[in-house]
Amino acid sequence: MQLAELARRLNARLEGSPENPAPETIEITGVAGIEEAGAHQVTFVANPKYAALTKTTQAAAVLVAEDFPAIAAATLRTANPYLAFARAIEIFYQPPVYPAGIHPAAIVHPTARLGRDCHVGAYAVVEANVEIGDGAVLLAHVVIYPNVRIGKHFFAHAHAVVREGCKLGDDVTLQNGAVIGADGFGFAKDDEGRWYKILQSGPAILEDRVEVQANACVDRASVGETRIGAGVKVDNLVQVGHGCTVGENTLLCAQVGLAGSSHLGKNVILAGQAAVAGHCSIGDGSILTAQSAVSHDVPPGKVMSGSPGLDNRLWLRCVAAYSRLPEMVKMVRKLADAKDE
């Protein structure tokens, strides 16, 4: 594909450079990172810390923001270079296509109802009274328990599981090993001091356009429901406890943990290994930075860091002071020694 055609398809403005004032006819064969890209590949810069690499990149062209300075390589200027790069990947990389049909080694219960053009792979199991919409793809060893309801264009990678009674909207993706509706961690101690399992009767509900990535788990509720709002993205190894609610377009990054009955608003970001204690509420647009943990409610729009979680600006000052503790200890000892003299 010529660079001019790629610019058109990405709705980007193509600019040449002194070294190549007319780059329109350059043949583009793919995309790559800025340090690896070659003479027939396109790359991007969205993070300012990588801007210096535009001086040395061998890429044919670089996707940049509208106000990015001129560079030696050709530029494709756009309001959102990262999003444009994502769309460029889609142009050059075509994922496998799975034809409609049910593999002879799959098991589909007679009462299950599948929509048009569904693909059910080898050793997948679809149990009784399941409903799945048009265009679903269930790859090998996917298991759908009884009484599940799933919308259109569902995509479940190998070994994903949806437990009994759960409800999933349209365009939901489950990566390998994701489990929707596993039992919540609920136990009550009996009179003899033993842990008695609390039946987890409430379903997990995933609204439209949710993606749950590898080996993450969204637990079912003891009563009521666990609900994941539309557009939420759940990274690998995330744990969403029973009875939680997660608002629309929230991001839960790798190894995040939500204890039971915690509630997250819309557009929240929990960075890697962040944690929320049970029954806490996190307001719309809040951010918990990596490895932070909160055991209290967080108002909308706050940035929290550390464990226990503090306002990010206060936490930064605390970290700066922490690095000076050895020096402070010496000063205190000198003052104490001087007092004793």
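The values are calculated or read from the model by the stated rules, or taken from the named source; none is laboratory data. Please read all numbers here as calculations on a predicted model, not as lab measurements. Neighbour counts are summed over all protein chains in view; Cβ atoms, including those assigned to glycine, are modelled from backbone coordinates with ideal geometry.
In table form, for the structure just shown:
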| read-out | value |
| --- | --- |
| Candidates Leu310, Leu270, Leu258, Leu252 - the one that is of a type in the set (A, V, I, L, M, F, W, C) and more than 29 Å from Gly177 (Cα to Cα) | Leu310 |
| Residue in the range 190-205 that is farther than 23 Å from Val120 by Cα and of a type in the set (S, T, N, Q) present | yes |
| Candidates Gly260, Gly243, Gly231, filtered to the one that is modelled with pLDDT of 95 or more and touching a Ser or Thr at 6+ places or on another chain (Cβ under 7 Å) | Gly243 |
| Residues satisfying the stated conditions in the range 148-166, i.e. surrounded by 21 or more Cβ atoms within 10 Å (Cβ to Cβ) and part of a strand (DSSP E or B) | Ile150, Ala156, Val162 |
| Qualifying positions in the range 67-87 - more than 20 Å from the chain's Cα centre (by Cα) and either of a type in the set (Gly, Ala, Ser) or over 18 Å from Arg9 (Cβ atoms) (or both) | Asp67, Phe68, Pro69, Ala70, Ile71, Ala72, Ala73, Ala74, Ala79 |
| Exclusive hit being loosely packed, with under 12 Cβ neighbours inside 10 Å and either more than 28 Å from Asn176 (Cβ to Cβ) or in contact (Cβ under 8 Å) with a residue 12 or more places away in the chain (or both), set Asn80, Asn47, Asn129 | Asn47 |
